[in-house]
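Quick note: the coordinates plus some simple rules give every number you see, no bench work behind them. Note that the structure is predicted; figures quoted are calculated from it, not measured. Positions of Cβ are generated from backbone atoms using ideal geometry, with glycine treated the same way; all protein chains shown enter the neighbour counts.
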């Protein structure tokens, strides 16, 4: 059963979802998830009837049930390391044969999507599950491999938002992931996930710059150095307020003015530190598209805009970059950032946290790389102006990174959905 805190968390989640018209609420039949769903529904007024679904059950670890983590680590030391580091290879020897919990759970998630999505075209549905099944629902929707099972954090009563264009394996966008801002004030709640004592690597807070006038108008800006507009300055200030109680040890930014101004607004709340400017984190160069609107691009380059929107990895921007160009320079520059923070961490003898301010395309490239996806998955991630994401390296900088939260924009609008401009890059 839920604790008192768990019930409070569920009530907050329900209050946060009050503005949404839900076509269905699906939940795991296990009582902790079902009770959470019941509390959420009680906050919604006219809520649809709950639909318990066995495909939303939590990962099955029969040999470890009722054991604490410390007991498992002691009695199954080697197996636990495989579970944490190579989850796709993790198995349990049962009387009926070897059982692979993560692979089974992914099949369960795929079956849920295939059975459910076709019934709710154009609707918003809520899914109340568990840590493991939620990871698998998100990762199978996006095409993230089983090896990254431990790379997506899911906190109690955190909210994630997926936008499907059609059915399973059609285009899908992760609008946000593991949002917990609605839990502020409850026991243990923090603006962003805390670093754990055993984490070996750094944590990076990734922020997209605030709005520019060209963002608002939907005008391609790329590497034209357009400054923040008044709304963008306000978004940067709100991001600073949101992160004011988060300890920052180092700071990095694209060398362009819009992320630099965003980073400076955030750093006003922190002790003086150097802001390192990096050309490798500049926005994608749109070449001859820069300064143009979509209608102008379609007129001058018929079909190429649609190709960019559907198969972005195949597009070479006229006299600009392609996504592989962005991928390569961002990968190198991000590695430099992570290694730089890790080096200072060794000297400090404690985990350090760095701020990184960048752009839409750059952030999307990073999020793909962190989750093991390629340029063809570029549109799978949303990055709102002033949005905050957090990436950590719990196993050190040579281990798989963890996406702890993505595209927090609650501090900008007070709403769970991203209401920032969806203008051009």
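Let me have the relative contact order for the range 4-183, percent, based on Cα pairs under 8 Å that are six or more residues apart.
In percent, rounded to a whole number, it is 25.
Can you tell me the Rg and Dmax of the range 105-149, counting just the alpha carbons, in angstroms?
10.7, 32
Give me the percent relative contact order of the range 134-188, please, defined on Cα pairs under 8 angstrom at least 6 residues apart.
30 percent
Using the Kirkwood formula over every pair of different C-alpha atoms, what hydrodynamic radius in Å results for the range 226-368?
About 16.8 Å for the range 226-368.
Quick one: divide the alpha-carbon radius of gyration of the range 223-270 by 2.2 N^0.38 Å and tell me what you get.
Ratio of Cα Rg to 2.2 N^0.38 Å: 1.13.
Seen from all sides and averaged, what is the projected area of the convex hull of the Cα atoms in the range 371-422, in nm²?
Mean orientational projected area (the range 371-422, Cα hull): 4.5 nm².
Compute from the Cα atoms of the chain the Rg and the Dmax, the latter being the longest Cα-Cα distance, and quote both in angstrom.
Both quantities, over Cα of the chain: 21.7, 66 Å.
Per 0.36 nm of contour for each residue apart, how much would the distance between residue 244 and residue 186 grow if the chain were fully extended, relative to their Cα-Cα spacing?
19.0 nm
For the range 63-142, state the average projected area of the convex hull of the C-alpha atoms over all orientations, rounded to one decimal in nm².
Dividing the Cα hull surface by four gives the mean projection, 6.8 nm².
When the Kirkwood hydrodynamic radius is evaluated over all pairs of different C-alpha atoms of the range 315-425, what value in angstrom, to one decimal, is obtained?
15.4 Å
Once you wrap a convex hull around the alpha carbon atoms of the range 152-242, what is its projected area averaged over all directions, in nm²?
Average projection, Cα convex hull of the range 152-242: 9.4 nm².
Show that you can apply the helix-only estimate: for the chain, add -39,500 (n - 2.57) for every DSSP H stretch of four or more residues, divide by all residues, and state [θ] at 222 nm to the nearest 500.
-11000 deg cm²/dmol
Using a basic spin-label model with each label point 7 Å from the Cα along Cα→Cβ, how many nm lie between residue 93 and residue 1?
That separation, rounded to one decimal, is 4.0 nm.
Between 313, 194, 96, which gets the highest mean-square fluctuation from a Gaussian network model of the chain, Cα cutoff 10 Å?
Answer for the Gaussian network model of the chain: 96.
Please grab the % of Cα pairs in the range 1-105 that end up more than 21 Å from each other.
51 percent
D for the range 4-183, whole µm²/s, Stokes-Einstein with Kirkwood Rh over alpha-carbon pairs at 10 °C and 1.306 mPa s: what number?
Once the numbers are plugged in, D ends up at 92 µm²/s.
Beyond 14 Å, what percent of the Cα pairs of the range 191-230 remain?
Considering the range 191-230, 61 percent of its Cα-Cα pairs are separated by more than 14 Å.
In vacuo Debye scattering of the range 210-299, one point per C-alpha: log10 I(q)/I(0) at q = 0.16, 0.20 Å⁻¹?
-0.68, -0.94
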